[in-house]
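Novice: Structure provided below as structure tokens; questions to follow.
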Amino acid sequence: MLLVPPRFLHRLLLSCVAGGLVFKLAAPVFHVSFNPFRPLPGCIDSLGLGALLALYQHTDRYRQRFLPVLLALSRWAVPVFLLLTVIRIGLDVDPWYGGNFYLGVAMFLALGFASVAFLHAGTEGGLGRVVVPPALQYIGAISYGIYVHHFFAPLLVGCLPLPALPWSGTKVLRMLLEAGLAVGVAALSFRYIERPFLALKERFAYAGRQGGGRAARP
């Protein structure tokens with residue numbers, strides 16, 4: 001993204017959102033042998049929506065034209081996602097939407113837009129107060145690392161000889177170990193990989209703002 005000229009960045013992000021959606025919708029048409037929700041192309045639409053929010057907030061020529069539209073769609077997506085979640089629980093849908101493919105596509109899309117509303121709300125208002133506790137704020141800071149590394153946690157924990165505990169105790173123990181491993185690895189990734197890369201942004205002049213710093217012609 002750092003190497004993309006600002007005039008092409010908006011189109012690139014829109015292409016990511018559309019491409020991720022098309023990738024998932026095309027999977028049943030072409031009878032792919034893998035789960036389309038797992039690879040990066042199946043998630044790039046959600047990542048693209050977050051990047052669009054950042055672009056619209058920090059670029060003058062996009063802020064008034066596109067930001068209200070994105071936020072309006074995002075606010076509607078919150079109740080839609082909650083409704084789809086209730087439906088998913090009621091139908092006992094497979095975690096990776098086996099047999100309910102289009103429900104999964106709708107949930108991914110709704111979650112992406114709802115996340116934009118959440119990010120824009122920040123720590124203000126009723127929704128923002130939920131993330132005020134420092135522990136949850138830290139989880140938010142390392143959330144990208146959790147997203148990237150959580151897939152490997154079950155694979156590693158599955159190799160451990162866990163004791164047989166009653167009342168689903170083994171399952172609960174496994175979930176706790178997986179969550180702890182994902183958070184731990186994400187914390188290390190944030191400290192030693194993400195932060196150094198984020199620090200590099202200070203060395204690049206952002207050319208997205210237009211109109212604010214130009215002197216008016218006489």
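Readers should treat all values here as calculations from the given coordinates under stated rules, not as data from a laboratory. Remember, it's a predicted structure, so these values are computed and weren't measured experimentally. Cβ placement follows ideal geometry from the backbone for every residue including glycine, while neighbour counts extend to all protein chains displayed.
Novice: Determine how many Å³ per residue the convex hull of the Cα atoms of region 133-206 encloses.
Specialist: 105 Å³
Novice: Could you order peptides 191-198, 66-73 by the average number of other Cβ atoms within 10 Å of their residues, highest first?
Specialist: Most protected by this proxy first, the peptides run 66-73, 191-198.
Novice: Put one equal scatterer on each alpha carbon of region 7-127, apply the Debye formula with no solvent term, and list log10 I(q)/I(0) at q = 0.14, 0.18 1/Å to two decimals.
Specialist: -0.64, -0.98
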